[in-house]
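The values are calculated or read from the model by the stated rules, or taken from the named source; none is laboratory data. Quantities reported herein were computed from a predicted structural model and do not represent experimental measurements. Because the Cβ atoms are built from the backbone with ideal geometry, glycine has one as well, and the counts that use them run over all protein chains shown. Protein only, heavy atoms only, side chains kept; ligands, DNA and RNA dropped before computing areas. Shrake-Rupley method; radii C 1.70, N 1.55, O 1.52, S 1.80 Å.
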Amino acid sequence: MTTAELMDYAEVVTRFDPVLGLEVHVELSTATKMFCGCANEFGGEPNTNVCPTCLGLPGSLPVVNAVAIESAIRIGLALNCDIAEWCRFARKNYFYPDMPKNFQTSQYDEPIAFNGWLDVTLDDGEVVRVQIERAHMEEDTGKSLHVGGATGRIHGAEHSLLDYNRAGVPLIEIVTKTIEGTGERAPEVARAYVSTLRDLLKALDVSDVRMDQGSLRCDANVSLMERGATEFGTRTETKNVNSLRSVERAVRYEMTRQAALLAAGGSILQETRHFEEASGTTRAGRRKETSEDYRYFPEPDLVPIAPSREWVEQLRGTLPEKPAERRKRIQAEWSLTDLELRDLVNANAIDLVAATADAGAPPAEARSWWVSYLSQQANNRGVELGELPITPAQVARVIALVADGSLTNKLAREVVDGVLAGEGEPDAVVESRNLKVVSDDSALYAAVDEALSAQPDVATKIREGKHAAAGAIVGAVMKATKGQADAKRVRELILERCS
């Protein structure tokens with residue numbers, strides 16, 4: 001697809017109304033898989049977390065993971081869904097090499113949660129209510145690694161490797177109803193919806209929602225209607241988009257691609273498509289099956305699920321404060337501007353700052369550490385902020401050492417570096433690196449006198465009342481003490497000596 005085959009976005013939204021449908025797949029962070037006792041872990045050696053059940057071997061029988069059912073109900077409640085009083089699993093039949101049973105255990109016409117909604121706030125404060133069609137339970141597939149091709153996909157590959165560790169991992173698929181009326185903001189709405197949903201799932205503590213690791217993936221359905229039309233256009237489904245930015249780019253690209261085809265008299269093929277991260281484009285996948293193609297039928301080896309109303313209400317009582325409400329409360333309590341709050345959200349630092357404040361640090365200083373210095377360290381290491389090997393309690397201890405005068409800000413950064421390097425707790429790093437502030441005035445006087453003697457012309461200027469010149473002496477003392485002196489106290493002693 002070349003840019004010549006795309007329509008300018010401004011023209012797209014003038015001529016067409018976009019219609020979206022978003023399907024988000026969420027891997028649950030249960031200890032074991034959905035229907036067997038294999039460990040639910042990311043990144044293990046290939047084909048080590050497998051057993052006869054998740055490999056679909058003859059004679060093996062599934063058993064439902066109770067914690068996964070509980071998580072599914074809590075997700076449904078958080079999405080304002082109705083919870084089914086009776087539902088069951090079904091077999092979704094299709095062949096892929098990474099589906100060892102040749103069918104996926106899923107839910108079809110009887111999902112556990114349905115008919116909900118989620119309010120989404122856009123960057124300018126506009127709120128869009130996205131209606132939820134259903135949230136149903138299923139199992140994830142394995143993974144294929146195609147070796148030898150230029151794209152990493154099967155076409156052109158020399159051979160493929162299969163890893164079934166992920167086969168059978170508990171999965172919740174959250175499906176929206178059609179999203180209409182968003183106009184030019186459709187791509188932004190798609191991104192904001194997935195972002196809001198991710199924050200909600202993280203708050204529920206049911207998934208690590210790592211899009212980079214595939215534990216949260218979005219399928220974006222896009223179609224266009226001519227202005228004034230009453231029937232939906234043919235949709236495409238861009239599969240497994242794995243970042244918030246990519247969700248927005250994929251929707252925008254499909255709008256411009258489809259509009260160009262329709263304007264040229266062509267038609268849209270109902271198909272799956274793949275998003276190309278490097279180019280920001282989509283490319284054709286396969287013709288999209290219908291529900292009849294999957295030949296759904298009830299799973300005969302699993303009993304129906306019938307959660308009692310008492311259990312559902314008990315789980316409702318475990319729901320945490322909603323992320324949007326929590327942000328408003330935190331913004332008021334910490335006196336944050338909208339920009340400061342947005343920086344916290346973008347850095348994914350709200351929970352870390354809150355935990356640091358709970359450990360005794362002033363929120364403003366906790367925010368400064370996580371959003372500035374520690375964010376830089378995370379970027380340098382190529383990891384998420386929360387993956388840094390330092391805890392909120394350790395950051396709070398460093399802040400406390402600065403507050404009581406034991407450390408300067410420069411020394412505090414060295415202490416943090418030591419903690420990140422695995423050298424132990426902040427106090428142990430201070431001790432091992434000999435980083436404590438020099439607070440003995442006799443030692444400081446000696447360093448000040450030596451610096452003044454070395455720079456007599458500067459000393460003369462200070463004595464003449466040019467106190468700005470004291471900065472040169474402060475710098476010399478700080479160098480002599482390896483940064484372990486309190487610069488404010490050094491300046492006081494310099495002025496005292498020159499008075």
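With both bridge residues required to lie in the chain, what share of the DSSP beta bridges run antiparallel, to the nearest 5%? In the chain, approximately 95 percent of DSSP beta bridges are antiparallel ones.
What are the GluC sites (Glu not before Pro) within the stretch 321-355 that DSSP puts in a loop, where the Cβ has at most 15 other Cβ atoms within 10 Å? Write down the numbers at each step before the final one.
Numbers: sites: 321, 325, 333, 340; in loops: 321.
Answer by residue number: 321.
Spin-label model, residue 126 to residue 313: label points 7 Å out along the Cα-to-beta-carbon direction sit 4.1 nm apart. Taken about its Cα centre, the stretch 280-428 carries a charge dipole of about 640 debye when Lys and Arg each add +1 at the Cβ and Asp and Glu each add -1 at the Cβ. Taking 8 Å as the Cα distance limit and 6 or more residues as the minimum spacing, I'd like the relative contact order of the chain as a percentage. So the answer I get is 14 percent.
The ellipsoid equivalent to the alpha-carbon distribution of the chain has semi-axes of 55, 28, 23 angstrom, derived from the gyration tensor eigenvalues as √(5λ) and listed largest first.
Write out the trypsin sites (Lys or Arg not before Pro) in the stretch 319-353 meeting two conditions: DSSP loop, and at most 16 other Cβ atoms within 10 Å of their Cβ. Let's see the in-between values first.
Details: sites: 326, 327, 328, 329, 342; in loops: none.
Counting only loop positions with at most 16 other Cβ atoms within 10 Å, none of the trypsin sites (Lys or Arg not before Pro) in the stretch 319-353 qualifies.
Comparing 253, 197, 300 along the charge dipole axis of the chain, the residue lying farthest to the positive side is 253, per the Cβ-charge model. Across the accessible surface of the chain, with the other protein chains kept in place and a 1.4 Å probe, carbon and sulfur atoms take up 50 percent. In this simple spin-label model, placing a label point 7 Å from the Cα along the Cα-to-Cβ direction at both residue 277 and residue 11 gives a separation of 3.2 nm.
If R0 is taken as 45 Å, the Cβ-Cβ distance between residue 63 and residue 343 corresponds to a FRET efficiency of 0.45. Where the centre of each part is set by its Cα atoms, how far does the stretch 210-262 sit from the stretch 5-84, in angstrom? Spelled out, the Cα-based centre of one part sits 19 Å from the other.
Given only helices, namely DSSP H runs of n ≥ 4 each adding -39500 (n - 2.57), what is the per-residue ellipticity at 222 nm of the chain, to the nearest 500 deg cm²/dmol? Intermediate values should be presented prior to the final figure.
Details: 17 runs with 187 residues, N = 499.
Counting only the DSSP helices, I get -11500 deg cm²/dmol.
Remark: the stretch 74-126 carries a charge dipole of roughly 620 debye about the Cα centre, counting +1 on each Lys and Arg Cβ and -1 on each Asp and Glu Cβ. Looking at the stretch 172-290, the accessible area is 41 square angstrom per residue; that uses a 1.4 Å probe and ignores ligands, DNA and RNA.
Give me the Debye-computed log₁₀ of I(q)/I(0) at q = 0.14 Å⁻¹ for the stretch 269-410, equal point scatterers on Cα only, no solvent, two decimals. Normalising to I(0) and taking log10 leaves -0.86.
Between the alpha-carbon centres of the stretch 169-198 and the stretch 412-427 there is a gap of 41 Å. Local charge for residue 117 was computed over the other residues whose Cβ lies under 10 Å away, with Lys and Arg +1 and Asp and Glu -1, and equals +1.
Only Cα pairs under 8 Å and 6+ residues apart enter the sum, and on that basis the relative contact order of the stretch 245-356 stands at 14 percent.
Among the listed pairs 177/202; 33/322; 177/322; 92/239, a Cα-Cα separation exceeding 25 Å is found for 33/322. Averaged over residues, the count of other Cβ atoms within 10 Å places the peptides 116-125, 175-184 in the sequence 175-184, 116-125, highest first. Summing charges over all other residues whose Cβ lies under 12 Å from the Cβ of residue 135, with Lys and Arg as +1 and Asp and Glu as -1, gives -3.
What does the charge add up to near residue 6, with Lys and Arg as +1, Asp and Glu as -1, over the other residues with Cβ less than 12 Å from its Cβ? List each step's numbers first, then the result.
Working: positive: 252, 257; negative: 5, 8, 11, 254.
Overall, the nearby charge balance is -2.
Distant-in-sequence amide contacts of residue 81, defined by a placed amide H-H separation under 5 Å and a gap of 5 or more residues or a different chain, comprise 117. One decimal place: the segment residue 245-residue 287 gains 12.5 nm when fully extended, by the rule 0.36 nm per residue minus the C-alpha distance. About its Cα centre, the dipole of the chain is roughly 620 debye, where the only charges are +1 on Lys and Arg Cβ and -1 on Asp and Glu Cβ.
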